[in-house]
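What follows is a single structure, written as structure tokens, with notes after it.
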Amino acid sequence: MRTYLFFIAICCSYCSCSNRDSTGKFTTVTTIDFSGVDKSHSGKFGDYFEVEKVIQLETDSASMLAEVTKVGVYDSSLFVFDRKYSALKVFDFYGKYKFSIGKIGQGEGEFTKISDFSLNEFDRTIWLYSDSGRGIMVYSFDGKFVKKIQLPFFAYYMSPIDKNSIAFYINFNESERVGKNNLVITDSDGEIVKMLAPYKSSETHAFGFTGYVAHNRGGVLFGKAFNDTLYQINGNGDVLPKYHLDFDVSKSRDWESFPVHKQNFETRKDWTFVQSGFVETDKVLSFTLAESMTLKKYFYFKRDSLLLSEDYFRKGSFARFLNQPRSFYGNTLISMLNSEYFLPSRNPELLSRIKEESAEMFAKLSTHKETDNPIIVFFQPKMR
């Protein structure tokens, strides 16, 4: 079983335009138009998605989770990353806890804090990024420490591009080594190859919303902080625009020329930009927007050029209680539910709607307690 995880120039007024990368291949920029997005609260989750598997993670003192930010799949195991506890916990497909990868400490193969992880399909290892240790801790899939890749900078997120290169999202960690750049590409030994996506204002670190890097079929998908465009990074280090999110003109801003910091943002509550976290499969792009001071999930169906907001789905729909997907496996999206998302749905009318959309999900929700670990949900878009 293979492993899957989870600048700007508008070329023309049509829905797409072309770029040529260093290999001579053409890439297409897809414009996602928000002007007609349906927010009628009338849609049914089952009309667009099919739930494949629902897993209630075991809850005990060893497996307790607090803030799950990413989930990976390898060889019938779930790798669940808890950013708050700096822990990567492994469960089987029945939700039973197996073991944890690495541990907190000062010795070899130990760390004081980790902020991201990746299942590296290129060399079949597990990577834990330790920002406090400025390095990638590499482990085998049975949890044995292999080596540490030392880095000359602090980062926030990371993802292998291919077997020879790694992409890092730097956030606003300005330093002498990387300057004011949101994106750094290194070789497999951690040596800097490129520094890209510069920013101008050193004040931006005061605001918590950031960009992201995420593994996809072509390498890595990258979103710069406070932006409306997602970029494809390939193994040659090319960074080319892939998706342009066409917001209403009153909501888009030139972030490069305007100092972005918390005070300015709070006085302009109409601003919209891509929030940290997005997942792309061959069929769909899932992402979250910071929109009028609220986070909203969106699903873009590539073949039909169809954009769905979570506000399109009816009240009580399964779609409203799902988190933004945390990764993908093939064309399947992997998301989760926490009790805080669905406890308000305990009333019979809303529960009946959830049962209509997914009997398996209804069964899990009916017995779930506030203190339980999250429910992991595998689902994928239906052919339309």
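The values are calculated or read from the model by the stated rules, or taken from the named source; none is laboratory data. None of these values were measured; they are calculated from a predicted model. Using ideal geometry, Cβ is built from the backbone for each residue, glycine included, and neighbour counts are taken over all protein chains shown.
Numbers below:
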read-out	value
Selected residue (only one of 148, 103 is surrounded by fewer than 21 Cβ atoms within 10 Å (Cβ to Cβ), in contact with a strand residue (DSSP E or B) (Cβ under 9 Å, 6 or more places away or on another chain) and within 16 Å of residue 187 (Cα to Cα))	148
Strands (runs of 3 or more DSSP E) wholly inside segment 14-71 that include at least 3 residues being modelled with pLDDT of 90 or more	26-33, 49-56
Residues satisfying the stated conditions in segment 122-131, i.e. assigned to a loop (DSSP other than H, G, I, E, B) and either polar (S, T, N, Q) or more than 25 Å from residue 329 (Cα to Cα) (or both)	131
Subset of segment 98-121 (residues that are within 26 Å of residue 161 (Cα to Cα) and not in a loop (DSSP other than H, G, I, E, B))	100, 101, 110, 111, 116, 117, 118, 119, 120
Qualifying residue in segment 268-278 (condition: modelled with pLDDT of 90 or more, surrounded by 20 or more Cβ atoms within 10 Å (Cβ to Cβ) and under 19 Å from residue 37 (Cβ atoms))	yes
Condition met for residue 63 (over 28 Å from residue 223 (Cβ atoms), over 20 Å from the mean Cα position of the chain (by Cα) and surrounded by 19 or more Cβ atoms within 10 Å (Cβ to Cβ))	yes
Among the residues listed as 62, 87, the single one being farther than 25 Å from residue 148 by Cβ and touching a Lys or Arg at 6+ places or on another chain (Cβ under 9 Å)	62
Residues (at pLDDT 90 or above, out of contact with any Ser or Thr (no Cβ under 7 Å at 6 or more places or on another chain) and among the hydroxyl-bearing types (Ser, Thr, Tyr)) located in segment 311-355	327, 329, 332, 335
Lone unmet requirement of (1) in a helix (DSSP H, G or I); (2) modelled with pLDDT under 75; (3) touching an Asp or Glu at 6+ places or on another chain (Cβ under 9 Å) for residue 384	(1)
Count of segment 69-87 residues which are surrounded by fewer than 21 Cβ atoms within 10 Å (Cβ to Cβ) and closer than 19 Å to residue 213 by Cβ	2
